[in-house]
Structure formats: structure tokens, C-alpha cells
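The next block holds one structure in the form of C-alpha cells; read it before the comments.
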Amino acid sequence: MGKASRDKGKRGEREAAAELNRLFDCEARRAQQYCGADGDADIKCDIDGLHFEVKRQERMQMYKWMDQAESDKRYTEIPVVLTRQNNKPWLLAVKLDDLPAMIEAFNSYGGTP
């Protein structure tokens, strides 16, 4: 991966964290800048039970990204993919079967959406 691509990925992670902070009044930040461990979520967030994978790419590969989130997550976490193409809004993908648990995680958080 080239430097420009890495920089775009870092910017995407910061943007996605800022959006989570804005929408849910939570504490979200890039994970790599703090721990750098492979397999960690791209974003650390104080909404328990969610594993965020962030992709800032033009070519959508949703199932590939979801597979990565699934393999990287902890056993009890729900894999969530946040993605955005240039000049497009952020999208969130979660497996439909995981949607009730994701809603529960957001509701249990207690932030002010």
C-alpha cells in the first residue's frame, strides 16, 4: 500500500470517528494511533460491543470488508463496516442478523443521539 493510500485511510478513520462522535456523543478515535496492533478495530469507541472497520475506497468490496471485520473482531463484538467514496456520504453496513444487537448497543450506551 502506498503512502497516499495509507494517508487516505488514516483520514477516513479520523472522519468516521468524528461522525460517530457527532451523531452519538461518544468518545471515538483512530485505534492505530494508540496501539497499532493488527486485528484491532480501526476505531476505538466507548459504545461497547461494536467492532468498526473503516474503508475509504472508491471500489466497493462490502463482503470482503465484512469478512475482515468478522475475522478481526472479538468473540462478543458485532462487526460494523463504515465506508465512504469521494464526494459521497458515509454508509454503515452490518449483517441483518446483527442489527438488533447493534441497536441494543447504541441504546445501552446512553449518549445523546
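Are there any strands (runs of 3 or more DSSP E) wholly within segment 1-62 with 3 or more residues that are at pLDDT 95 or above and of a type outside the set (Ser, Thr, Tyr), and if so which?
Result: 50-55.
Close contacts from segment 68-88, counting a first residue that is farther than 16 Å from LEU99 by Cα and a second that is open to solvent by 40 Å² or more (accessible area, probe 1.4 Å), with Cβ to Cβ under 6 Å and a gap of 6+ residues or different chains, come to THR83/LEU91; ARG84/TRP90; GLN85/GLU58. Residue check: ALA101 meets all listed conditions (1) surrounded by fewer than 18 Cβ atoms within 10 Å (Cβ to Cβ); (2) modelled with pLDDT of 95 or more; (3) among the aliphatic types (A, V, I, L, M); (4) outside any helix (DSSP H, G or I) but one, namely (4). Quick one: which of ARG84, ARG29 is surrounded by 13 or more Cβ atoms within 10 Å (Cβ to Cβ), closer than 18 Å to ASP7 by Cα and in contact with a Cys (Cβ under 9 Å, 6 or more places away or on another chain)? Just one listed residue meets the conditions, ARG29. Just one of (1) in contact with a helix residue (DSSP H, G or I) (Cβ under 9 Å, 6 or more places away or on another chain); (2) closer than 22 Å to TYR109 by Cβ; (3) of a type outside the set (D, E, K, R) fails for GLN57. It is (2).
The values are calculated or read from the model by the stated rules, or taken from the named source; none is laboratory data. Just so we're clear, the structure is a prediction, and the values are computed from it rather than from any experiment. Here the Cβ is made from the backbone with ideal geometry for all residues, glycine too, and neighbour counts use every protein chain on show. The area values use the complete protein model at the heavy-atom level, side chains included, leaving out ligands, DNA and RNA. Shrake-Rupley method; radii C 1.70, N 1.55, O 1.52, S 1.80 Å.
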